Amino acid sequence: MNTTIQDAGEKSETFRNNRLLIVVVFLASVAGFAVGASLSILCVTALVPLRGYTLARVIWAVCYFVAAWFSWNAGVNMWRFAVGMSRHEAILDAAGAHFRLAPEKHAGIQEQFVPWDQIAAIRHRRIGNNQFYSVVTKDNRVLAFDAFAFFRSYKLAQRISARAGLPIQEVE
């Protein structure tokens, strides 16, 4: 069934992040935890015989400790990223666009609603290797999202543009 601009406002669409991507990031964080734990065990085993220390053993232990620290921190940061990514949601319905982009602890800014007639502009900006989109309202609120918030952010921006009847503006 083809969706045209006339019936686009009647159907409700929900955009969430790609579940496979979230699972892969979760698994990568678990791998970071496993590597960090393994390297910390190697650090301890390099130092366990409390006699016969050489400079090489101390250097190996320090290297294992630093690698374990970085691996564990990478796991923690990827875990936080995956948890945050899993909660993002945009619902486009006949009334307007409902966004949930912030973490749950920021309840005041977590849920945002913009009626279609209150959207002033949809902007696109490329910074480095990332695509940033923002929905600007007539009362100067800005709801921004990128590929980290929504896996197919371009598709979401196109749907918002079609429903609001506004073009996507390129910002330099």
- Message: Anything in segment 27-58 that is part of a helix (DSSP H, G or I) and among the hydroxyl-bearing types (Ser, Thr, Tyr)? List them, or say none.
- Response: 29, 38, 40, 45
- Here, strands (runs of 3 or more DSSP E) confined to segment 118-172 with at least 2 residues that are free of Cβ contacts under 8 Å to residues at least 24 places away in the same chain, surrounded by 14 or more Cβ atoms within 10 Å (Cβ to Cβ) and of a type in the set (Ser, Thr, Tyr) are 130-137
- Task: Name every residue in segment 139-172 that is within 14 Å of residue 13 (Cβ to Cβ), of a type outside the set (Ser, Thr, Tyr), at pLDDT 85 or above and out of contact with any Gly (no Cβ under 8 Å at 6 or more places or on another chain), in order of residue number.
- Result: 155, 156, 157, 158, 159, 160, 162, 164
- Query: What number of residues within segment 111-129 satisfy the criterion of being within 13 Å of residue 92 (Cβ to Cβ), among the hydrophobic types (A, V, I, L, M, F, W, C) and out of contact with any Ser or Thr (no Cβ under 7 Å at 6 or more places or on another chain)?
  - Reply: 2
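The values are calculated or read from the model by the stated rules, or taken from the named source; none is laboratory data. The structure displayed is predicted, hence computed values, not measured ones. Here Cβ is always computed from backbone atoms with ideal geometry, including for glycine, and neighbour counts include all displayed protein chains.
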